[in-house]
1. Going by accessible area, probe 1.4 Å, with all protein chains left in place, what is the ranking of Lys207, Lys44, Lys121, largest first?
2. In nm, to one decimal, how far is the modelled label at Ala164 from the one at Asp5, with both set 7 Å along Cα→Cβ?
3. Using modelled backbone amide H atoms (1.01 Å from N, in-plane), which distant-in-sequence or interchain residues come within less than 5 Å of Leu201's amide H?
4. Quick one: dipole size for the chain, taken about the Cα centre, charges +1 on Lys/Arg Cβ and -1 on Asp/Glu Cβ, in debye to the nearest 20.
5. Report the calculated FRET efficiency for Ala224 and Asp78 (r = Cβ-Cβ distance, R0 = 41 Å), to the nearest 0.05.
6. Which of (1) 135; (2) 164; (3) 126 is the computed volume of the Cα convex hull per residue in Å³ for the structure on display?
7. Taking the simple approach of a point 7 Å from Cα along Cα-to-Cβ for both Ser15 and Thr56, what is their distance in nm?
8. Going through the cross-link list Lys44/Lys207; Lys44/Lys121; Lys2/Lys74, which pairs have a Cα-Cα distance over 30 Å in this structure?
Amino acid sequence: MKFPDNITIISDEVSQDLPVISAFVREFRLPGIELRSLNGRAFKDLTRSDIAEVITASRAEGWRVVGCATPVFKCDLDDTTAIAAHRDIFKRSLEVAHELNADLLRVFTFLRTPHPAEPAKQQRVIEHLHGLVALAAGSGIRLGVENEHSCLAATADETLAILAPLPADRVGAIWDPCNVLYVPGAAPATPADLVRLAPRLFHLHVKDAVRHTTHTSGSAHIAAGTPVGLGEVNWTAHLRALRTTGYSGLLSLETHWRLEKIDEK
C-alpha cells in the first residue's frame, strides 16, 4: 500500500526496534520517520550506536529522518536547574539532528500552570525560546514548538501568542489538534485554528480521541485515544482546511491508540 508522500510516522508508534520500523516504512512506502524513542531509550538518551544504526538503515533504504522529537522545555518554568539541563539536551540534539540530516527539532513551552496565557509568563517562554534560536544559529535546523496539553502553549491562541515574536523562518508550530481535547475546559480545536496557524505551520501530528467529562474534580475533561477518524477531532474537516492553506509539509501519525493496552512508561 502507498500512502501520500507527505504522510510519515513517529518511530515508536510502530516499534522500539529499528528493523521493524524499517519494514513498516518499506511496506507503506513512507518518506521516513520522525525519531522519538528507540531501543527503549528516549530521544535524549539515544547512544552513538543508536544514531549510527538509524543512519545506516536510512541511507541503505532511501528514507530519511524528517524530525527529532526532543523533550526540551517540558520542564518547570521556574526550575533553573532543569532549564540549564534542557539547554544541554538541546545542544546535543542539534548535533544528533545534524548527523541524521534532519532539519526539525521539536521543543515545548514548559509545564502548564494556572493562567497559562498571562503575558508575563508567555514573555518568559519567548525569551527562553529565543535562547534556543541563538544556539541553533547557522545550523539550518528549525525549531518546531508542539502544542501540548501539559504545557503553557496548548491551544491555538496560546501557541500563536508565543510564536508571534519569534523568527518565522526559524520557529514554527508542530500542531496537534487532538492535544487540545486533553486540556481541561478548552474548546476543541477547529479547522479555523489550523488555517490561522498555517503561516507558522512546520509540521502536523495526527491522532484522534474522544473526550469524556468527569466530575471528580470540577469539570475536568479526559480524552481517550481512538483510531484516526473515529474521535472528536473531525479530521475530514481539518484536512479539507489544510488543503486550502497550500501547506506542503509533512503529517506524522501519532496514534496514542492501541489494540491492546500497554504500560504508559
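The values are calculated or read from the model by the stated rules, or taken from the named source; none is laboratory data. This is a predicted model, so every value here is computed, not measured. Here the Cβ positions follow ideal geometry from the backbone for every residue, glycine too, while neighbour counts run over all protein chains shown. When the accessible area is computed, the model is the full protein with side chains, heavy atoms only, and any ligands, DNA or RNA have been set aside. Shrake-Rupley method; radii C 1.70, N 1.55, O 1.52, S 1.80 Å.
1. Largest accessible area first, the list is Lys44, Lys121, Lys207.
2. 3.7 nm
3. So Leu201 has HN proximity to Ala173.
4. 400 debye
5. Plugging the Cβ-Cβ distance into 1/(1 + (r/R0)^6) gives 0.80.
6. Given (1) 135; (2) 164; (3) 126, the structure-derived one carries the label (1).
7. Inter-label distance under the simple model: 1.6 nm.
8. Lys2/Lys74
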